[in-house]
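To keep things clear, I will list the structure first and then write my remarks on it.
The values are calculated or read from the model by the stated rules, or taken from the named source; none is laboratory data. Because the structure is predicted, anything quoted here is derived from the model rather than measured. So basically every Cβ, Gly included, is an ideal-geometry build from the backbone, and we count neighbours across all protein chains shown.
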Amino acid sequence: MPRSAPLLLVCLLAALPLAEAGAGPWRDRAGNDAALEADDDRRSAPALPAGSRVLRDLAYGPSPRQVIDIYLPPGATAAPLLVMVHGGAWRFGDKAESRVVDNKVARWLPRGIGVVSVNYRLLPQADVAQQAEDVAAALAFVQRQAPEWGADPREIILMGHSAGAHLVALLGARPARVIAAGGSPWRGTVALDSAALDVEALMGRRHQRFHDRAFGKDPAQWAALSPRAQAGKGATPMLLVCSTERRDHPCDDARAMAATLAAQGVPARLQPEARSHRDINGTLGLDNDYTRAVEAFMAGLSPVWRERLEGSAPR
């Protein structure tokens, strides 16, 4: 070995980024980089049923990020709406990404269900509390405008993936933010593989760097942003989907969240899935047992959702 090799090795090691306290990268069993919690960055191009309408970039606030896309079924009349919130570690992501939209639109528009996809301000422009307020404002906007689109403001289900799952679970646990934004309670909430349902527990154990950026170092802030700590009797019914493929075991916190909601008398269901973090988002809407299990929860929220999902309602 040349005499310069040890010095070169030291320099290379020094150039590597140091893990922050309690942090460290990891990959799930499928090889996905779960440290990024990224959705697919391909733009969506879903096949839409004939007669469908798409309304893009409708503003619910003054920021360029405070916009939504709406996919409406053919001949929409009092259509129920699925409001979808993308993930991306609270720092990136977009409402038009393929995994966020495509399979959900392809599955549910033909059943007479509209899909709304939400953008919100991201770190560092807006902190996580402000992001939750953005989603609350978007939901309130959808409720106000729904009749103009041929949709029913009472028949809304809020869904999110990853960081978006944390935001919808936070709102579902305590809907006060939505009410403060001029909205009203909705039928139910579906959280797709959040690792931040119990923020206090998360920040007290080994976690990713982006969680420090999202939640800071103040335990009072952790409690305020923790869906489990905020859960009360006014919470919406909630489905907690979690990946059994992740090394950080999100199903443990999802199970605890379901138990906390149940203790408050709130209907809650745990749905473990042997799928990667990304596939829990991307494969929802395909014709599989996973999609049907999510639909079973949705159908149980109201007769309207049951009729649409079981195919007996007029389109």
Exercise for the section: Give the residue that is modelled with the lowest pLDDT, with candidates limited to residues of the stretch 98-155 that are small (Gly, Ala, Ser), over 25 Å from Pro303 (Cα atoms) and surrounded by fewer than 21 Cβ atoms within 10 Å (Cβ to Cβ). Expected result: Ser98
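Could you please let me know if Ala196 is touching a Gly at 6+ places or on another chain (Cβ under 6 Å) and either more than 17 Å from Gly93 (Cα to Cα) or crowded, with 21+ Cβ neighbours inside 10 Å (or both)?
Criteria not met by Ala196.
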Handout entry: Hits in the stretch 48-97 (condition: small (Gly, Ala, Ser) and touching a strand residue (DSSP E or B) at 6+ places or on another chain (Cβ under 7 Å))
Key = Ser52, Ala59, Ala76, Ala78, Ala79, Gly87, Ala96
Fill in the blank from the handout: For Leu225, the lone unmet condition from (1) buried (at least 22 other Cβ atoms within 10 Å of the Cβ); (2) under 29 Å from Asn103 (Cβ atoms) is (2)
Completion exercise
A careful count of residues in the stretch 65-74 that are touching a Gly at 6+ places or on another chain (Cβ under 8 Å) and either in a loop (DSSP other than H, G, I, E, B) or of a type in the set (Ser, Thr, Tyr) (or both) gives 3
Problem - Thr77, sole failed condition from (1) in a loop (DSSP other than H, G, I, E, B); (2) at pLDDT 95 or above; (3) within 26 Å of Ala47 (Cα to Cα); (4) over 19 Å from the mean Cα position of the chain (by Cα) - result: (2)
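Kindly indicate whether Leu158 is crowded, with 24+ Cβ neighbours inside 10 Å, assigned to a helix (DSSP H, G or I) and of a type outside the set (S, T, N, Q). Step through it out loud before you land on a result.
Details: crowded, with 24+ Cβ neighbours inside 10 Å: yes; assigned to a helix (DSSP H, G or I): no; of a type outside the set (S, T, N, Q): yes.
For Leu158, the condition - crowded, with 24+ Cβ neighbours inside 10 Å, assigned to a helix (DSSP H, G or I) and of a type outside the set (S, T, N, Q) - is not met.
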